[in-house]
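> Input: one structure, supplied below.
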């Protein structure tokens, strides 16, 4: 076989591998995987005016994300050339300013950082780079809050989106001053906040609107680049390089990621004409990776399996052509009904192809069901280590203690002796039956034993009464900023009641539902001091019965039941427990 024919055959085999359907058997659930969701600010995942307030919304989002098995949040902090944090360079985000026009007296970004880190999650700051205004975006023209489109109109390009008369405003990266201004904005953010990563979106040229670029290229082309497309790619490449080098110099532990459009270039086609990152948006993301100017790429592969443009084909193309071993976190789009129905299979596909994780668009699209990921995230997972970053192994935790009582085990420990000046730790807690005699180093290799990730130095493990007398081994490790895991430290504990005996409820108790408010499910628990005929029902505010959750004889002890609101209207509901002569009611709020 001649060399040309061999090359053609090999290329065909490679394309076959890329497009090969994933086996029906799900790949093993990994211990190390990036699992995240976009949390939008400008389109209101959490910033709606009214009740609940933003801090409560944030906690609801993070509680649900944690229970869904996610380990990172990609939070939109710079959306339309404005910021959700106090900045000396950018105006306040238009969605953070109430109708009164008063500026916020609180720091939303710091609030999110504190809350995500306490839960052992990473906070990636989502930064829209070049699209700086959209449609009716309320851009401030106040002297003390001047938006860039007013202060530097010569840097702007404009475009009408989809022919629907929505005007978008774009920062033109061909202007060196505009690039330098945006680099300065990123560095201000990195300097002032303990973020885990900066995550770039809209790091591209729009597919129209830059109709003066030929003149701009003639004015700013010190490298004598020969054509407009290469010059545009060079401008974005320069921005990425300058940002990465600036962050490395100031805070080398802060990661840099970006979300390019799904297809890299026209050679990654699958019988579909689309918006190509390299050819249409002038994003050369593989160049960024090859040059070591980015840590992860999260391509927006927002289509389904099996129908062009095929999700599995595009994922395979990205993995086969990865550069410099940089991580790939595959972007999915559960906002699309067809994608949402197959999201479990899409996660299987990314694992089988060899990507390091998934990034789902967006929170509102995954918030409607506890089972959206179809069991793929039932275990916790640690974000994968990046070998090109600091691989220093942290010291182990100190003074681990396990204190049992009242059907719970309280774990406490002290943080490690620091080996790094700017160390910040999160912790992994594992649990296994005391009868498991494997060494701790082997136990922690099994993802099914990973109980929780936390940024705190304590954890309470709660049990039902039927676990009385069970004995467990608890193993705790420290994780560095790069998720390098320390040696394990362990303690054992036996589950007991408060007095060392099985507990019996002293009185009837109806507990507040959790979460509250809820959408679409909540858990109601209650305790019985003795066996009794029990009825638990839900009523609307007019007293009409809308659901019966329990109507049977139950034994003494603690019981819980899940209530799913389904298609019920948003509002306040009453749930009432009746057991013998005991009756108690509580309120709960269902919010769509």
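Bear in mind these aren't lab numbers, they're just calculated from the coordinates by the rules spelled out. Being a predicted model, the structure only gives us computed values, none of them experimental. FYI the Cβ positions are ideal-geometry reconstructions off the backbone, even for glycines, and counts take in every protein chain you see.
> Rounded, prolate or oblate for the range 509-590? Axes are the square roots of the Cα gyration tensor eigenvalues, ordered a ≥ b ≥ c, and the cut-off for rounded is a/c under 1.5.
Working: a/c = 2.13, a/b = 1.69, b/c = 1.26.
Judged from the Cα gyration tensor, the range 509-590 comes out prolate (a/c at least 1.5, a/b above b/c).
> Show me the ranking of peptides 112-124, 561-573 by mean Cβ neighbours inside 10 Å, starting with the highest.
Ranking, from highest mean packing down: 112-124, 561-573.
> Which angle from 0 to 90°, rounded to the nearest 10, does the C-alpha axis of helix 228-250 make with the longest principal axis of the chain?
Taking the Cα atoms of the chain, the angle to 228-250 is about 50 degrees.
> Relative contact order for the chain using alpha-carbon pairs under 8 Å, separation at least 6, rounded to a whole percent?
Relative contact order for the chain comes out at 11 percent.
> With the crude spin-label approximation of a point 7 Å out along Cα→Cβ, what separation in nm comes out for residue 118 versus residue 553?
4.6
> Treating the angle as unsigned and between 0 and 90°, give the value, to the nearest 10°, between the Cα long axis of helix 343-353 and the longest Cα principal axis of the chain.
60
> To continue, here is another question. Quick one: compute the contact order of the range 416-552, relative version, from alpha carbon pairs under 8 angstrom and 6+ residues apart, as a percent. Walk me through the numbers before you get to the answer.
Working: 193 pairs, mean separation 25.3, N = 137.
In percent, rounded to a whole number, it is 18.
> Okay, moving on. For residue 103 and residue 223, compute 0.36 nm times the residue count separating them, minus their Cα-Cα distance, and round to one decimal in nm.
38.8 nm
> Which of the peptides 254-264, 167-177, 464-474 is most tightly packed, and how do the rest follow, going by the mean number of other Cβ atoms within 10 Å of each residue? Don't jump to the answer; show the numbers that get you there.
Values: 254-264: 23.4, 167-177: 20.1, 464-474: 15.6.
Most protected by this proxy first, the peptides run 254-264, 167-177, 464-474.
> Would you work out if the range 15-366 is rounded, prolate or oblate? Take a ≥ b ≥ c from the square roots of the eigenvalues of the alpha-carbon gyration tensor; rounded if a/c is under 1.5, else prolate when a/b is larger than b/c, oblate otherwise.
oblate
> Counting other beta carbons within 10 Å of each Cβ, put 340, 250 in order, fewest first.
So the ranking, lowest neighbour count to highest, is 250, 340.
> For P(r) over Cα pairs in 20 Å bins from 0, in percent, the listed values are [x] 17, 40, 34, 9, 0; [y] 15, 30, 28, 19, 8, 1, 0; [z] 17, 48, 28, 6, 0; which was obtained by calculation from the structure presented?
Derived directly from the coordinates: [z].
> Right, another one. Between residue 507 and residue 582, what length in nm is gained on full extension when 0.36 nm per residue of separation is reduced by their alpha carbon distance?
So the chain would gain 26.0 nm between residue 507 and residue 582.
> Could you order peptides 522-533, 348-359 by the average number of other Cβ atoms within 10 Å of their residues, highest first?
Going by the mean number of other Cβ atoms within 10 Å, highest first, we get 348-359, 522-533.
> Now for a separate question. Please compute the length gained on full extension between residue 415 and residue 462, using 0.36 nm multiplied by the number of residues separating them and subtracting their Cα-Cα distance.
Extra length from residue 415 to residue 462 when fully extended: 14.6 nm.
> Using just the helices of the chain, give the 222 nm mean residue ellipticity in deg cm²/dmol: DSSP H runs with n ≥ 4 each add -39,500 (n - 2.57), and the total is spread over all residues, rounded to 500.
-6500 deg cm²/dmol
> Enter the angle in degrees (range 0 to 90, nearest 10) between the Cα long axis of helix 3-19 and the first principal axis of the Cα atoms of the chain, meaning the one along which they spread out most.
With rounding to tens, the tilt is 40 degrees.
> Quick one: grab the alpha carbon gyration tensor of the range 407-447, order the square roots of its eigenvalues as a ≥ b ≥ c, and give me rounded if a/c is under 1.5, else prolate or oblate depending on whether a/b is larger than b/c.
Verdict is oblate for the range 407-447.
> Under 8 Å for C-alpha pairs, at least 6 residues apart: give me the relative contact order for the range 528-592, rounded to a whole percent. Don't skip to the answer; put the middle values down first.
Numbers: 117 pairs, mean separation 22.2, N = 65.
Averaging sequence separation for qualifying contacts and normalising by length gives 34 percent for the range 528-592.
> Right, here's the next one. Based on other C-beta atoms within 10 Å, arrange 253, 288, 155 from fewest to most.
Taking fewest neighbouring Cβ atoms as first place, the list is 253, 155, 288.
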